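*Asks:* Please see the structure below; I have some questions.
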Amino acid sequence: MATVVLSYAGAALGTLLGGPIGGIIGRAAGAIAGNMLDQQLFGSTKKIEGPRLTDLRVMASEEGAAIPVLWGRMRVAGQVIWSTNLEEVKNTDTKKASAKGGPKSKTTTYSYFGNFAIGLCEGEIDGIGRVWADGKLIDITQFTTRLYTGSETQEPDSLIEAIEGEGAAPAYRGLAYIVFEKLPLENFGNRLPQLSFEVLRSANSAANEVKAVSIIPGATEFGYDTTVVTRVLGKGKSDNENAHLSNEKSDWTISTDQLQAACRNLEAASLVVAWFGDDLRCGNCSVRPRVDSATKVTTGAQWAVSGLTRSTATLVSTVDGRPAYGGTPSDRSVIHAIADLKARGVAVMFNPFLLMDVPQGNALPNPYGGTGQSAYPWRGRITASVAPGLVSTPDKTAAAATEINAFLGVSLPSHFSVSGTTVTYSGPVDWGYRRMILHYANLCAGAGGVDAFLIGSELRGLTTLRSDSSIYPFVAALQQLASEVKAILPSAKISYAADWSEYFGHQPADGTGDVHFHLDPLWASSAADFIGIDNYMPLTDWRDGDAHLDAVISPSIYDLDYLKGRIASGEGFDWYFASDTDRQNQTRAPITDGAYGKPWVFRFKDLKSWW
């Protein structure tokens, strides 16, 4: 179009100035100029070039900056200790001409990437937690990074060595640092962002001695899930359900990363998963999974446990309008937790746990006397309708077995089926103790198995109930459960975690002077692979000040020999307190057995003699 217009304009101007000959020359000149303009406006290629940096150098680090020394958890910015020039990548995108005759276009854009290392602090650190870029949390797992903890044996980074040359790259031994390889800079204004890191470092070497941990709280609907779950608050509003440290990683993932970073010799974990009892009288106690909200809406995952959904599950009680507990972990989250631990090389002991949801101000008959059971009691206090030692107790009668059977329920192994990682229950309506144990045995099987499985813990009020002078029906029920779980999980180690006050025997306070090793049938069972003890035995009787009996033995509570010496001596071995008053006054009664000369029978600390 410009060729036509300018050729006519040139002809008119040439005619005006030079007659016919001038018109011919002007037309030719106008055509040439118009053609050049057409090429620019409508030519075969339209070139567009995006913004481009003129300086590819990165910011400098501070010369002579001090290397921080830290303990615990601290946010540090660090120093750039190595970098290359920014890496420029040119990308040209060519688009064909449009159907209406428009030109094709060629667009060139430039992307920039950074290769650099940031020194953090003196090593050796356990790891890093959260990372901020320009003050905002980012997930660095989407980038290529390598963290060096600052050991005295760490080797040079592969990228630094590749660029600097073999033998010319420092290893920065003793310095904790992180290397970013080809970090995309587009979201940071094509510059290196201001980075800061949450650095974790143990205050001493104790963490390295930790080989096993217990994972709680056990009552957390999605807290064990490796994927992020979001709570919907309304139209366009949401909140994190299980990702409070990062939007991209769940709390479980970050916590377990930090655990392994701190406890480098970690080998095993007890995974605690809770259902809820609602009465200290075993014959009236149901055992159910519960939720902390009936109306909660979540994305990423929905709560479901043993065939229940949020709308069909029971709610936990409230304190001051808030849930007293978190809900039972969803079956999906339990599956994810088991798989994640196993992938990390951590052996899994599965611990089905019973929490008592008995709220304050209840009017339930108290088996220990009166009306109103203690709020949120210990599961070890579950007992008969009337506790042993009180008038009208069913202890030592057939009624005790009847009440225990009601607590156990009627669920059988044949009532459960596993499809993939889904466990289906097809038995009668039943919320007894057996359903919880058998459900989780099958869930663990669906997860590919676990290394160990507990059939209960610290149920001393039940294990010491008798249907006759020396018959313990709940212990017999545990034997049966152990055998059934062993059939479901043949490669797992099966046991019961006894309280430290029940494992070694039962000495009923009924005036008979009897001593029963009531758990021996369970411990001797072919289905029980080990003896489990939840060990909270008192180590010392140390008091404030110098006017107490242990001050004569040791000058300090920090005396290692003194502490070691209390493991098989002192309270629970040499002596006991007959009352709370005696404990307050340090009035110690010796542990003796005058009749048979076997005081070890009454020494809960004397593991060697009991064995």
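*Asks:* Express the accessible area of the stretch 180-326 per residue in Å², computed with a 1.4 Å probe while the remaining protein chains stay in the model.
*Replies:* 46 Å²
*Asks:* Next up: For the stretch 198-306, give the percent of accessible area contributed by carbon and sulfur heavy atoms, probe 1.4 Å, rounded to a whole number.
*Replies:* The C+S portion of the solvent-accessible surface of the stretch 198-306 is 49 percent.
*Asks:* Another one. Contact order normalised by length for the chain, with contacts defined as Cα pairs under 8 Å and 6 or more residues apart; what percent is it? Working shown, then result.
*Replies:* Values: 1223 pairs, mean separation 47.4, N = 611.
Once normalised by length, the contact order is 8 percent.
*Asks:* Something else: How much FRET efficiency would the formula 1/(1 + (r/R0)^6) give for Thr424 and Thr295, where r is the Cβ-Cβ distance and R0 is 35 Å, rounded to 0.05?
*Replies:* My answer for the efficiency is 0.85.
*Asks:* If you restrict to DSSP beta bridges whose two residues both lie in the chain, what percentage is antiparallel, to the nearest 5?
*Replies:* Among the beta bridges of the chain, antiparallel pairing accounts for roughly 65 percent.
*Asks:* Continuing with this model, one more query. Could you tell me which of rounded, prolate or oblate describes the stretch 420-531, using a ≥ b ≥ c as the square roots of the eigenvalues of the alpha-carbon gyration tensor, with rounded for a/c under 1.5 and, failing that, prolate when a/b is larger than b/c and oblate otherwise?
*Replies:* Cα axes put the stretch 420-531 in the prolate bin.
*Asks:* Additional query: I need the peptides 197-206, 482-491 ranked by packing, meaning the mean over residues of other C-beta atoms within 10 angstrom, with the highest value on top.
*Replies:* Result, highest mean Cβ count within 10 Å first: 482-491, 197-206.
*Asks:* To continue, here is another question. With an 8 Å cut-off on Cα pairs and a minimum separation of 6 or more residues, tell me the relative contact order of the stretch 486-568 in percent.
*Replies:* Relative CO of the stretch 486-568 lands at 27 percent.
*Asks:* OK, next. Nearest 10 degrees, 0 to 90: what angle lies between the long axis of helix 2-42 and the longest principal axis of the chain (Cα atoms)?
*Replies:* 10 degrees
*Asks:* Express in nm, to one decimal, how much length is gained between Ser501 and Glu248 on full extension, taking 0.36 nm for each residue of separation and deducting their alpha carbon distance.
*Replies:* 86.6 nm
*Asks:* Roughly what angle does helix 473-488 make with the longest principal axis of the chain, taking Cα atoms, 0 to 90 degrees, to the nearest 10?
*Replies:* Rounded to the nearest ten degrees, it is 40.
*Asks:* Another question, if that's okay. First measure r as the distance between the Cβ atoms of Asp593 and Asp561, then evaluate 1/(1 + (r/R0)^6) with R0 = 35 Å and state the FRET efficiency to the nearest 0.05.
*Replies:* Plugging the Cβ-Cβ distance into 1/(1 + (r/R0)^6) gives 0.75.
*Asks:* Need one word for the stretch 523-611: rounded, prolate or oblate. Basis is the Cα gyration tensor (sqrt eigenvalues a ≥ b ≥ c); a/c below 1.5 gives rounded, then a/b vs b/c decides.
*Replies:* The shape class here is prolate.
*Asks:* Report the net charge of residues surrounding Tyr148, where surrounding means a beta-carbon distance below 12 angstrom and charges are Lys +1, Arg +1, Asp -1, Glu -1.
*Replies:* Here the count lands on -2.
*Asks:* If you don't mind, another one. Distance check, please: which entries in Lys396/Lys605; Lys486/Lys608; Lys182/Lys249; Lys249/Lys342 exceed 26 angstrom between their Cα atoms?
*Replies:* From Lys396/Lys605; Lys486/Lys608; Lys182/Lys249; Lys249/Lys342, over 26 Å: Lys396/Lys605; Lys486/Lys608.
*Asks:* Follow-up. Average projected area of the Cα convex hull of the chain, in nm²? Mind dumping the intermediate values first?
*Replies:* Details: hull surface 183.1 nm².
Result: a mean projected hull area of 45.8 nm².
*Asks:* Add +1 for every Lys or Arg and -1 for every Asp or Glu among the other residues with Cβ under 10 Å from the Cβ of Ile591, and state the total.
*Replies:* So the surrounding residues net to -1.
*Asks:* Separate question: How many Å² of accessible area per residue for the stretch 508-565, probe 1.4 Å?
*Replies:* Per residue, the stretch 508-565 has an accessible area of 62 Å².
*Asks:* Under 17 Å from the 7 Å Cα→Cβ point of Tyr536, by amide nitrogen: which residues of the stretch 463-496?
*Replies:* 463
*Asks:* I want to check the label-to-label distance for Arg191 and Leu412. Put each point 7 Å from Cα in the C-beta direction and report it in nm to one decimal.
*Replies:* 7.5 nm
*Asks:* Assign one of three labels to the stretch 321-479, namely rounded, prolate or oblate, based on the Cα gyration tensor with a ≥ b ≥ c the square roots of its eigenvalues; rounded applies when a/c is under 1.5, prolate when it is not and a/b is larger than b/c, and oblate otherwise.
*Replies:* Prolate is the answer for the stretch 321-479, as a/c is 1.5 or above and a/b outweighs b/c.
*Asks:* Quick one: helix 398-408 against the long Cα principal axis of the chain, what's the angle to the nearest 10°, folded into 0 to 90?
*Replies:* Result, in degrees: 0.
*Asks:* Given a Förster radius of 45 Å and the C-beta distance between Ala398 and Trp132 as r, what FRET efficiency does 1/(1 + (r/R0)^6) yield to the nearest 0.05?
*Replies:* 0.10
*Asks:* Okay, moving on. Once you have the Cα-Cα distance between His548 and Ala578, take 0.36 nm times their residue separation minus that, and quote the gain in nm to one decimal.
*Replies:* Result for the pair: 9.0 nm of gain on full extension.
*Asks:* Roughly how many nanometres apart are two label points built 7 Å out from the Cα toward the Cβ at Ala524 and Ser609?
*Replies:* 2.1 nm
*Asks:* Roughly to the nearest percent, how much of the accessible area of the stretch 115-180 is carbon and sulfur, given a 1.4 Å probe? Let's see the in-between values first.
*Replies:* Numbers: 1290 of 2880 Å².
About 45 percent, which is the carbon plus sulfur part of the accessible surface.
*Asks:* Any idea what the relative contact order of the stretch 145-191 is, in percent, if you count C-alpha pairs under 8 Å spaced at least 6 apart?
*Replies:* After rounding, I find 47 percent.
*Asks:* Please give the net charge around Glu267, taking every other residue with its beta carbon less than 15 angstrom from that of Glu267, where Lys and Arg add +1 and Asp and Glu add -1.
*Replies:* Around Glu267, the surrounding residues sum to +3.
*Asks:* Same structure again: Expected output is a single nm value to one decimal: the length gained when fully extending between Lys211 and Met74, i.e. 0.36 nm times separation in residues minus the C-alpha distance. What is it?
*Replies:* That works out to 46.8 nm of additional length.
The values are calculated or read from the model by the stated rules, or taken from the named source; none is laboratory data. Because the structure is a prediction, the values reported are computed rather than measured. Using ideal geometry, Cβ is built from the backbone for each residue, glycine included, and neighbour counts are taken over all protein chains shown. Side chains are part of the model used for accessible areas, which takes the heavy atoms of the whole protein and leaves out ligands, DNA and RNA. Shrake-Rupley method; radii C 1.70, N 1.55, O 1.52, S 1.80 Å.
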